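One structure is given below, encoded as structure tokens.
FYI, it's all coordinate maths here, none of it is from the lab. These figures come from a predicted structure and were not determined experimentally. We place every Cβ from the backbone using ideal geometry, glycine too, and count neighbours over all the protein chains shown.
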Ligand SMILES: [Zn+2]
């Protein structure tokens with residue numbers, strides 16, 4: 001089902017290829033050069049990159065020009081609204097903003113005419129602002145430092161929590177949020193993985209690979225919007241910086257040094273152990289303040305009752321400590337370890353044989369890990385052959401997933417003695433564990449006129465999976481969604497409805 005969905009949606013997005021204004025690679029040769037370069041640069045430091053993923057991402061998004069924004073602004077008087085979102089994104093770098101809005105001339109008629117909104121100077125069709133706070137766990141809302149988010153939830157709807165997709169890592173989940181597909185279907189199966197067909201490594205921290213559209217399968221909301229004749233903008237949303245069919249406006253990162261430092265600092269708060277995290281509340285407060293700012297700016301433009309705002313996070317966060325280490329070089333024999341590629345999909349222990357490895361390497365990796373789990377009382381991980389990964393993970397139908405998948409218990413880290421002896425072990429926060437674990441839960445809130453029509457203000461939704469967000473976005477934008485892994489079609493089960 002998942003792969004079928006992908007094929008169908010992909011062929012649909014391919015249909016717009018001929019009208020795409022954004023260049024692909026100039027030649028096959030150039031493409032190969034890029035890939036070769038990528039192979040070389042990815043061969044080292046992969047683990048380190050993964051552990052510091054958000055900081056690395058900050059570095060990627062630094063490599064941008066924002067000239068296009070100004071051009072667009074001049075050519076499109078109705079873009080004033082998008083510019084607000086961009087400004088907020090630049091001010092509050094910690095969150096990623098994708099902004100989607102209708103244009104007046106949608107050719108889509110099956111769903112009926114869209115009611116336009118007049119703010120006193122212009123007509124606006126349905127508008128959605130999607131905001132993601134990286135690593136924002138639902139219980140952060142209980143610290144008494146988020147008055148704006150609390151008010152937002154009272155005025156709109158919120159889920160008690162939202163399950164991320166597996167693995168609950170940044171890139172797979174941001175791509176799930178905008179495609180409605182499981183990672184095995186949309187291809188971004190981890191922040192770092194190898195594709196045997198492309199014969200190359202995807203790394204979220206390598207701008208060459210994040211720009212290469214061949215990694216990003218499925219149809220993101222901005223492509224659906226383009227097919228429906230609507231314009232989109234994105235600020236720092238993973239996958240929006242590809243060289244094929246990106247949103248109409250893309251802001252990667254407009255970096256002065258101080259802004260970048262601010263981003264890195266803010267993100268690094270998340271990596272500190274909770275006990276030593278005085279600034280954690282500052283991160284939460286800044287997220288909250290940014291929402292307050294957005295709402296007041298919308299009000300200023302008389303758009304507060306018109307715009308739809310959807311607030312999500314990509315995953316939660318768990319403490320990691322040096323008390324919860326699994327030394328996998330004690331489990332796997334040296335003759336097996338010398339025949340495996342670099343790890344993928346950390347903090348999982350996802351391994352695949354290196355080129356020229358003996359044919360029984362996969363079975364040996366699996367047997368040694370599995371035998372360990374059977375002989376030790378508390379192994380603190382589960383190991384599967386890819387084809388045997390339990391269905392609920394939706395993590396087997398892609399050869400980008402390694403043939404052996406080991407999932408550590410929440411908070412545990414696979415390490416080697418060499419790694420710890422040389423670099424020590426950095427305590428902090430991590431994610432990417434079982435996506436049903438409480439610590440991995442994400443947030444979901446939404447507000448806007450169409451939501452008001454369906455739900456009472458202050459409604460609390462029962463938990464759902466983030467594959468449903470894409471279907472909500474297409475509903476809010478009055479667009480038909482291509483096949484995807486969502487099943488609710490924005491009809492969310494309610495766990496609490498206010499009695500008024
Ligand atoms: Zn993240």
Item to check | Convex hull (Cα only) mean projected area of the range 319-430, reported in nm² to one decimal | outcome: 7.4 nm²
Item to check | Protection-proxy order for peptides 131-140, 183-192, each taking the mean of Cβ atoms within 10 Å per residue, highest first | outcome: 183-192, 131-140
Checklist entry - Among 377, 323, 364, 423, which comes first, then next, by fewest other beta-carbon atoms within 10 Å? => result 377, 323, 423, 364
Item to check | Peptides ranked, highest mean first, by Cβ atoms within 10 Å: ranges 325-338, 165-178, 234-247 | outcome: 165-178, 234-247, 325-338
Checklist entry - To the nearest Å, what is the center-to-center distance of the range 180-216 and the range 431-484, using C-alpha atoms only? => result 25 Å
Item to check | Rough spin-label spacing in nm, given labels placed 7 Å along Cα→Cβ, for residue 213 and residue 488 | outcome: 3.2 nm
Checklist entry - Can you give the relative contact order of the range 167-223 as a percent, counting alpha carbon pairs under 8 Å and 6+ residues apart? => result 32 percent
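Highest mean first, how do 437-446, 479-488 rank when packing is the count of other Cβ atoms within 10 Å averaged over residues?
For the peptides 437-446, 479-488, the packing ranking is 437-446, 479-488.
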Checklist entry - What relative contact order, as a whole-number percentage, does the range 319-430 give when Cα pairs under 8 Å and 6 or more residues apart are counted? => result 41 percent
Checklist outcome for this item: Within the range 319-430, the percent of DSSP beta bridges that are antiparallel, given to the nearest 5, stands at 80 percent
